[in-house]
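First up is the structure itself, then whatever we jot down about it.
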Amino acid sequence: MKEQYINLNGILTPYSEAKLHVSSVAVKYGASVFEGIRGYWNNEQDQLYLFSLHSHIERLFESMKLMKMKHNYSPEEIIVQIEETIKRNDIKEDCYVRVAASIEENGPIDSQGPVLINIAAFPLGRKPKQDGIKVSISSWTRISDNMMPPRIKCVANYQNGRLALIQAKEDGYDNTILLNKNGKISEAPTATVFFVKNGIMYTPSRTCGILESITREFLINVALKKGIKIVEREVDRSECYVSDEAFLCGTGAEIIPIISIDKHIIGDGRQGRLTTELRDIYIKTVYGQFNENRKYLYPIYE
């Protein structure tokens, strides 16, 4: 089997040799931020498209800024390294690209460098289509901006969602939604959430403890262009139970319909009309089949 290559600070390194020391600040204290980027292969066009690449890299740099990571990289350099990594691994199928910035050497908790940029790209086949999942409202509370800012895509932040997801699955659910410190809907582990009521889409605002999701922003823009009313605001727990539709969205999740919340059936217990419509547009967009949305795609092979 051909060995995969990881990009470490611009150097393509065999997978088996790509290492981060156990005594690094990243490992000891979770001083690492990252982005996950999806790539979609269009066989007819012989092209791999990265979805919203520039937005992901912009968010990576915002995360490094807020985490006080000192570095000399530019967004353009990171993008070049992503391209090099994909091409070196000769990836011509759906894939996932993980770009991480980590404090790589031993040091105290307040170390700000040196920063290791590591880029991994590997095939990621499509998951079986999910017609609907059952979720709970978690007893765990979502982290807040004054604790561990959720708008930072920091590795340490994910322990909050990890605990909530483990609990949900042990309780028999597929996923879960966390409330923020004010008792309002925040998001699911690794995904944001939308609700539909009387043809209007609702989603928690950016100040509700969510990660400012790139997929969420895309869907908001698509809905507005289609004349669908979007409301970003605080959402009560009980509002979820009486919604007509609900779905999760994110880079990894894409769009997943929710058919029940705390065993309250959503709508008629099936994927809703708006969810279906947005999901179809998303899939056509990422595979380069929707010319109107080409601006969201970054082609790898010229």
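The values are calculated or read from the model by the stated rules, or taken from the named source; none is laboratory data. From a predicted model like this one, the values you see are computed outputs, not experimental measurements. All Cβ positions, glycine included, derive from the backbone under ideal geometry; neighbour counts span all protein chains shown. In case anyone asks, the SASA skips ligands and DNA or RNA and just uses the protein heavy atoms, side chains included. Shrake-Rupley method; radii C 1.70, N 1.55, O 1.52, S 1.80 Å.
Restricting to the stretch 236-283, give me the number of residues that are under 21 Å from the mean Cα position of the chain (by Cα), open to solvent by 40 Å² or more (accessible area, probe 1.4 Å) and not charged (D, E, K, R).
So the answer is 2.
Only one of these conditions is not met by Gly125: (1) more than 16 Å from Leu48 (Cα to Cα); (2) open to solvent by 40 Å² or more (accessible area, probe 1.4 Å); (3) part of a loop (DSSP other than H, G, I, E, B); (4) out of contact with any Pro (no Cβ under 8 Å at 6 or more places or on another chain). Which number is it?
(1)
Name the pairs whose Cβ atoms lie under 6 Å apart, with the first residue in the stretch 15-32 and in contact (Cβ under 8 Å) with a residue 12 or more places away in the chain and at positive phi, the second assigned to a helix (DSSP H, G or I) and not hydroxyl-bearing (Ser, Thr, Tyr), and 6 or more positions between them or separate chains?
Gly30/Val155; Gly30/Ala156
With respect to Arg233, is the statement that it is within 23 Å of Ala100 (Cα to Cα), of a type in the set (Lys, Arg) and open to solvent by 20 Å² or more (accessible area, probe 1.4 Å) true?
Values: within 23 Å of Ala100 (Cα to Cα): no; of a type in the set (Lys, Arg): yes; open to solvent by 20 Å² or more (accessible area, probe 1.4 Å): yes.
In short, no.
Within the stretch 61-90, can you find the residues that are under 23 Å from the mean Cα position of the chain (by Cα) and without any contact (Cβ under 8 Å) to a residue 12 or more places away in the chain?
Lys65, Ser74, Glu76, Val80 - these are the residues of the stretch 61-90 that are under 23 Å from the mean Cα position of the chain (by Cα) and without any contact (Cβ under 8 Å) to a residue 12 or more places away in the chain.
Contact list please: Cβ distance under 7 Å, first residue in the stretch 268-284 and of a type outside the set (D, E, K, R), second residue open to solvent by 30 Å² or more (accessible area, probe 1.4 Å), pairs at least six apart or on different chains.
Gly269/Ile259; Gln271/Asp131; Gly272/Asp244; Ile281/Phe290
Among the residues in the stretch 284-296, are any touching a Ser or Thr at 6+ places or on another chain (Cβ under 8 Å), buried (at least 18 other Cβ atoms within 10 Å of the Cβ) and part of a strand (DSSP E or B)? Quick ask: steps written out before the conclusion?
Going residue by residue through the stretch 284-296, those that are touching a Ser or Thr at 6+ places or on another chain (Cβ under 8 Å) are 293, 296.
Imposing the further condition that a residue be buried (at least 18 other Cβ atoms within 10 Å of the Cβ) reduces the set to 293, 296.
Narrowing further to those that are part of a strand (DSSP E or B): none.
So far as the stretch 284-296 goes, no, none of its residues is touching a Ser or Thr at 6+ places or on another chain (Cβ under 8 Å), buried (at least 18 other Cβ atoms within 10 Å of the Cβ) and part of a strand (DSSP E or B).
Please work out which one of (1) open to solvent by 30 Å² or more (accessible area, probe 1.4 Å); (2) outside any loop (DSSP other than H, G, I, E, B) is the condition Asp145 fails and give its number.
Unmet condition: (2).
Step by step: first the residues of the stretch 168-211, then only those that are farther than 16 Å from Ser260 by Cβ and of a type in the set (A, V, I, L, M), then the one that is nearest to the chain's Cα centre (by Cα). Which residue is that?
That would be Ala191.
Quick one: Asn118 ticks every box in (1) in a loop (DSSP other than H, G, I, E, B); (2) modelled with pLDDT of 95 or more except a single one, so which number is it?
(1)
Scan the stretch 68-96 for residues that are closer than 19 Å to Val155 by Cβ and touching a Gly at 6+ places or on another chain (Cβ under 6 Å) and jot them down.
Within the stretch 68-96, just Lys70 meets the criteria.
Looking only at the stretch 151-164, how many residues end up being of a type outside the set (D, E, K, R) and touching a strand residue (DSSP E or B) at 6+ places or on another chain (Cβ under 6 Å)?
Number of matching residues: 4.
Given the conditions (1) open to solvent by 20 Å² or more (accessible area, probe 1.4 Å); (2) outside any strand (DSSP E or B); (3) in contact with an Asp or Glu (Cβ under 8 Å, 6 or more places away or on another chain), report the number of the one that Lys134 does not fulfil.
Failing condition for Lys134: (2).
Looking at the stretch 157-173, is at least one residue in contact (Cβ under 8 Å) with a residue 24 or more places away in the chain, surrounded by 19 or more Cβ atoms within 10 Å (Cβ to Cβ) and assigned to a strand (DSSP E or B)?
no
Which one is farthest from Leu278 (Cα to Cα) among residues in the stretch 174-201 that are buried (at least 21 other Cβ atoms within 10 Å of the Cβ) and without any contact (Cβ under 8 Å) to a residue 40 or more places away in the chain?
Asn180
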